[in-house]
Amino acid sequence: MRTLKLKKGNLDTFLAKISELGELWGPRKKGEVYIYDRIDDLRDLVKEPVITFLPIKKLFLPPRFQMLHYDGKIYEENINQFEQRIVYGVPPCEIHSLLIFDKLFGLKYKDPYYFKRREKTIIIALSCTPSSACLCKSARTHVIEEGFDLAITDLNDFYLVWVGTSKGDDLIRAAPELFDKNVTQEDIQKFIKWREVRDGKFKKSIDFVTMPDLMDLNYNSHIWKEFAEKCLSCGACSMVCPTCNCYDVIDEIELGDNSVNRERFWDSCMFKEYSMVAGGHNFREAKAERLKLWYTHKLKSFTDAYKKYSCVGCGRCVITCPVDINILSVVEALLTGKVDKDSLLTEKGK
Ligand code: SF4
Ligand code: SF4
């Protein structure tokens, strides 16, 4: 993989140059949180690494989108209207979440809505240092070897830029004069030091390797009922988790002209209606069963099928769940057989 250097002061010039090749997207501040958004003014782009409120999945499978329109005679699929995009600032854990989606949506029947957007998107990854909720080192998602076109590491005096694909190379060729090919031994030492400092900043860890067994052993444990007593079934954990991918599809029929819009939207196995089938039977009516399914998916079943964890350690469930049911509190309960009720809030902040 080719590696180059970019002077700190040249990042804006580079981003301005490449925004001529496609729409520029990246994190920007919205109220108290960061969101991925289209960037029309570079001053709005947050150039430092941040964890956005919703993960990168929203750019590839938006929370709600139209799949097709039927006008009463013919139908048209909405899969060819995507513009070329360049997304800046994707952290390593989210690159891993996209690699998981590539697998899931690329099985026997490829999901055209996901892959068309994927084909039209160039990704610039940005290395980060962990916040207090980050678990990516435990999940081994703090480093990336694939899944990006360019990857940038901020080494204070300059950026180290890894070129991952030919699309990434095209970006460099838009402004080759900004880059220095001469990566010296001193630069390499700076990178090694940066990596050591980053690795030393993780505050939380999970031994993911032991989790499939612990999920099996705790299948009938009382912990699921205890968590269920607090869970609000709000589904927020699914919405913010970069690897949750459940969706529903509905046909909205316009009265009068026979036209139909087929809409696809995010769903969650935490919702009671999710497992309801024709005739009204519900396979997971109990909250405890739904919680167990969610964590089985994160800690066991995906590992069995794909030899990868489907938790990429982003920490969003830790930040988001209003009653503190999250990957950390659940793993703690799996290990000790006890739910720490004092740390489970009935409502955050109370
Ligand atoms: S675990 Fe937390 S975020 Fe998830 S559904 Fe229950 S209350 Fe909502
Ligand atoms: S389970 Fe939690 S920490 Fe893991 S990827 Fe999902 S939101 Fe992030």
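The values are calculated or read from the model by the stated rules, or taken from the named source; none is laboratory data. What you see is a predicted model; the values in this text were computed from it and never measured. Because the Cβ atoms are built from the backbone with ideal geometry, glycine has one as well, and the counts that use them run over all protein chains shown.
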Exercise for the section: Kindly check whether there is at least one residue in the stretch 222-245 that is in a strand (DSSP E or B) and touching a residue at least 24 places away in the same chain (Cβ under 8 Å). Expected result: no
Inside the stretch 300-318, the number of residues satisfying the requirement of being of a type in the set (A, V, I, L, M, F, W, C), part of a helix (DSSP H, G or I) and modelled with pLDDT of 95 or more is 2
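Per-residue answers, yes or no, for (1) more than 23 Å from Leu45 (Cα to Cα); (2) in contact with a His (Cβ under 9 Å, 6 or more places away or on another chain); (3) of a type in the set (Phe, Trp, Tyr); (4) not assigned by TED's automatic domain parsing to the domain that holds Ile79:
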{"residue": "Cys93", "(1), (2), (3), (4)": "no, yes, no, no"}
{"residue": "Leu104", "(1), (2), (3), (4)": "yes, no, no, no"}
{"residue": "Pro112", "(1), (2), (3), (4)": "yes, no, no, no"}
{"residue": "Arg118", "(1), (2), (3), (4)": "no, no, no, no"}
{"residue": "Ile124", "(1), (2), (3), (4)": "no, no, no, no"}
{"residue": "Thr129", "(1), (2), (3), (4)": "no, no, no, no"}
Of (1) part of a helix (DSSP H, G or I); (2) within 11 Å of ligand 1 (Cβ to nearest atom), His297 fails just (2)
Of the residues in the stretch 117-136, those that are modelled with pLDDT of 95 or more and surrounded by fewer than 20 Cβ atoms within 10 Å (Cβ to Cβ) come to Arg117, Arg118, Glu119, Lys120
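Residues are listed down the side, and each one gets a yes or a no for (1) among the basic types (Lys, Arg); (2) part of a strand (DSSP E or B):
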position	(1), (2)
Cys93	no, no
His96	no, no
Arg117	yes, no
Ile123	no, yes
Thr129	no, no
Ile152	no, yes
Trp162	no, yes
Asp170	no, no
Reported set for the stretch 86-118 where residues are in contact with a strand residue (DSSP E or B) (Cβ under 7 Å, 6 or more places away or on another chain) and farther than 24 Å from Asn261 by Cβ is Ile86, Val87, Tyr88, Gly89, Val90, Pro91, Pro92, Ile95
In the stretch 317-331, anything surrounded by fewer than 24 Cβ atoms within 10 Å (Cβ to Cβ) and near ligand 2 (Cβ under 8 Å from one of its atoms) is listed as Val318, Thr320, Asn326
Restricting the stretch 260-314 to residues that are touching a Gly at 6+ places or on another chain (Cβ under 6 Å) and within 16 Å of ligand 2 (Cβ to nearest atom), the one farthest from Asn245 (Cα to Cα) turns out to be Met270
Out of all the residues in the stretch 35-56, is one or more aromatic (Phe, Trp, Tyr), assigned by TED's automatic domain parsing to the domain that holds Ile95 and crowded, with 20+ Cβ neighbours inside 10 Å? yes
Screening Leu15, Leu21 for residues that are aliphatic (A, V, I, L, M), in a helix (DSSP H, G or I) and in the same structural domain as Asp170 (by TED's automatic domain parsing) leaves only Leu15
| query | Does any residue of the stretch 193-206 turn out to be part of a helix (DSSP H, G or I), in contact (Cβ under 8 Å) with a residue 60 or more places away in the chain and over 29 Å from the mean Cα position of the chain (by Cα)? | reply | no
Per the filter on the stretch 60-99, residues under 20 Å from Gly315 (Cβ atoms) and within 16 Å of ligand 2 (Cβ to nearest atom) are Val90, Pro91, Pro92, Cys93, Glu94, Ile95, His96, Ser97, Leu98, Leu99
Test result for Glu254, away from ligand 2 (no atom under 15 Å from the Cβ), without any contact (Cβ under 8 Å) to a residue 24 or more places away in the chain and surrounded by 12 or more Cβ atoms within 10 Å (Cβ to Cβ): yes
